[in-house]
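Everything on this sheet refers to the single structure shown next.
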């Protein structure tokens with residue numbers, strides 16, 4: 001019998017104007033310390049972006065999202081943060097920040113299948 005795995009996830013948001021506190025969800029990051037697992041994905045809707053965008057270009061947001069992804073995945077050319085262990089990378093990604101890409105507070109959960117849970121949460125929260 002497969003035991004439940006403890007995980008945490010955070011929704012990644014695009015915040016075009018930090019002062020207005022408006023945002024829409026563009027990604028998800030999920031991690032499990034015990035399983036040494038981290039997964040991240042983005043779906044940035046250009047139509048929503050066009051409606052909400054401020055002074056930031058779509059290419060710049062995609063680049064920032066790719067940087068987040070590189071850090072999460074531990075890519076060596078993504079800087080010193082990417083060289084940290086998975087829990088530290090997750091904590092850095094989900095740290096409170098005042099920028100155009102932010103995350104929700106981390107939420108905990110239990111699952112038997114981390115990938116299936118990621119897919120379900122991504123579909124429900126990001127689309």
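Every number in this text was worked out from the coordinates using simple rules, so none of it is lab data. Just so you know, these numbers come straight off a predicted model, no measurement behind them. Every residue, glycine as well, gets a Cβ built from its backbone with ideal geometry; the counts of neighbours run over all protein chains shown.
Highest-first packing order for the peptide set 66-74, 22-30, 110-118 is 22-30, 66-74, 110-118, based on the mean count of other beta carbon atoms within 10 Å. Projected onto its three principal axes, the C-alpha set of region 5-125 covers 41, 32, 21 Å, listed from the longest axis down. Both radii were evaluated on the Cα set of region 42-110; the Rg over Rh quotient, with Rh as the Kirkwood radius, amounts to 1.01. Tell me the angle of helix 114-125 to the major Cα principal axis of the chain, expressed in degrees between 0 and 90 and rounded to the nearest ten. That helix lies at roughly 30 degrees to the long axis. Annotation: peptides 37-44, 120-127, ranked by per-residue average of other Cβ atoms within 10 Å with the highest first, follow the order 37-44, 120-127. For residue 115 and residue 85, the difference between the fully extended length at 0.36 nm per residue and the C-alpha to C-alpha distance is 8.8 nm. The angle between the Cα long axis of helix 58-72 and the main principal axis of the chain comes to about 20°, on a 0 to 90 degree scale.
Label-to-label distance, residue 19 versus residue 47, with points set 7 angstrom from Cα along the beta-carbon direction: 3.0 nm. Considering helices alone, the calculated mean residue ellipticity of the chain at 222 nm is -10000 deg cm²/dmol, with DSSP H runs of length four and up weighted by -39500 (n - 2.57) and normalised per residue. The distance separating the Cα centre of region 1-47 from that of region 64-127 comes to 6 Å.
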